[in-house]
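Q: One structure is given below, represented as structure tokens, and several questions about it will come after.
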Amino acid sequence: MKNIFKFLSLFLIVGIAVSCDSTTGDDMGYDAQTERGWVQFMDGSPAVITAFQGAEGKIELDVNLQVPNTSSDLTINYDLVSVSGGDPNAVFSNTGSVVAPAGQTSFMGPANITGKEYTFLSLIELDLADLAGATINEPMVFDVVLTGTSSSQITAGLAGETFKVAQRIVINPSLSNLNGVYSVDENFTDGVNAPFGLGDFFGESYQVELMVVEGDASASTMTATNSAGFNTYFIPGVVIDFSASPLSFDDGYTPALPVVALFVEMSVATSTVDFGNGVIRCDGEAGPYGPYQFTLTKQ
């Protein structure tokens with residue numbers, strides 16, 4: 001069964017303001033038949049949407065049509081604008097436009113006298129199946145940018161306002177690239193225990209093995225297993241969620257706080273993943289003992 005990446009926020013009622021000293025529908029010059037306004041992404045949508053090559057389903061972006069009325073089909077135009085990594089236009093089959101049927105808007109306005117329920121949200125879809133066969137060796141970072149509509153009276157955003165017209169997307173390489181054996185380097189980064197690691201106090205060394213969680217339709221989780229012959233670093237079978245920022249660890253104890261060096265819960269504040277070189281680093285606090293980091297390096 002496919003998972004749908006659905007990013008909806010609570011519906012936001014937004015009035016169109018063109019007068020600085022009045023808030024009534026009549027004074028603003030808008031009524032139920034007006035075909036002027038703007039389109040935008042939902043204000044409550046995530047700052048960054050992350051997906052992984054190999055995931056199933058679609059990324060669906062809701063477009064809020066702040067227009068009282070449309071008497072004909074409205075074409076909403078957008079661009080996929082590369083920020084870093086590969087070009088999304090070479091991967092995704094999007095045409096750069098979607099059509100909102102006539103009469104469908106998100107606008108509720110100051111004086112809804114039509115009897116209609118304005119709950120329509122147009123959708124821009126990115127089909128993750130388009131990633132199959134693509135060569136992605138580093139994160140593909142791009143913005144989906146609303147550029148306008150088929151009506152000159154309905155703009156992308158509104159001049160002088162800060163309505164959201166760009167949505168950042170990050171497509172990560174397949175986690176299968178990270179399958180393998182990793183050395184563990186760990187140390188305190190400040191305080192009385194720096195620069196030693198937890199293992200230094202007990203003469204221990206660590207090595208772990210990472211494997212993609214089988215059957216994960218989002219393709220975003222791996223399990224960490226401690227290598228035979230080495231001391232135990234993580235609780236056996238800890239699941240690492242690479243879609244979280246920072247990385248999230250579920251070892252069956254306190255959510256998101258991994259037990260490291262089989263000794264202390266660590267709060268992870270920041271994390272980085274180098275897919276090309278197989279390096280995973282987390283920084284945070286090792287319980288009450290001070291700032292701590294660990295780095296997993298693929299062998």
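Q: Could you tell me the relative contact order of the chain? Use alpha-carbon pairs under 8 Å, at least six residues apart, and round to a whole percent.
A: On the way: 727 pairs, mean separation 49.4, N = 299.
Result for the chain is 17 percent.
Q: If you don't mind, there's one more thing I want to ask. Label Ala256 and Asp274 with points 7 Å out from Cα along Cα→Cβ: what is the distance between them in nm?
A: Label at Ala256, label at Asp274, 2.7 nm between them.
Q: With an 8 Å cut-off on Cα pairs and a minimum separation of 6 or more residues, tell me the relative contact order of the range 175-298 in percent.
A: 24 percent
Q: Could I ask something else about it? Take the chain, mark every one of the trypsin sites (Lys or Arg not before Pro) that falls in a DSSP loop and has at most 16 other Cβ within 10 Å, then report the longest stretch left between them, sites excluded. If you can, show how the numbers build up before the last one.
A: Details: sites that count: Lys2, Lys116, Lys164.
Here the longest run is 165-299.
Q: Can you pull the three principal axis extents for the Cα set of the range 175-298, in Å, largest first?
A: 44, 30, 29
Q: Rg to Rh ratio, the range 34-151, alpha-carbon atoms and Kirkwood radius? Show your work: numbers first, answer last.
A: Details: Rg = 16.3 Å, Rh = 15.7 Å.
Rounded to two decimals, Rg over Rh is 1.04.
Q: What FRET efficiency do you get for Lys164 and Ala132 if R0 is 22 Å and r is their Cβ-Cβ distance, rounded to the nearest 0.05? Don't skip to the end; give the middle numbers.
A: Working: r = 30 Å, r/R0 = 1.37.
Calculated transfer efficiency: 0.15.
Q: Across the chain, where is the longest run that never hits GluC sites (Glu not before Pro) in a DSSP loop with at most 14 other C-beta atoms within 10 Å?
A: Result for the longest clean stretch: 1-116.
Q: Further, regarding this structure: Where does the chain land at 222 nm, in deg cm²/dmol rounded to the nearest 500, when only DSSP H runs of n ≥ 4 count, each adding -39500 (n - 2.57), divided by all residues?
A: Only helices count here, giving 0 deg cm²/dmol.
Q: Within 10 Å, at most 13 other Cβ atoms, and a DSSP state outside H, G, I, E, B define an exposed site. Report the longest part of the chain free of exposed chymotrypsin sites (Phe, Trp or Tyr not before Pro).
A: 1-195
Here, each number is a calculation from the coordinates, and none is a lab measurement. Just so it is clear, the structure is predicted and the values come from calculations on it, not from any experiment. With ideal geometry, Cβ positions are generated from the backbone for all residues, glycine too; neighbour counts draw on all protein chains shown.
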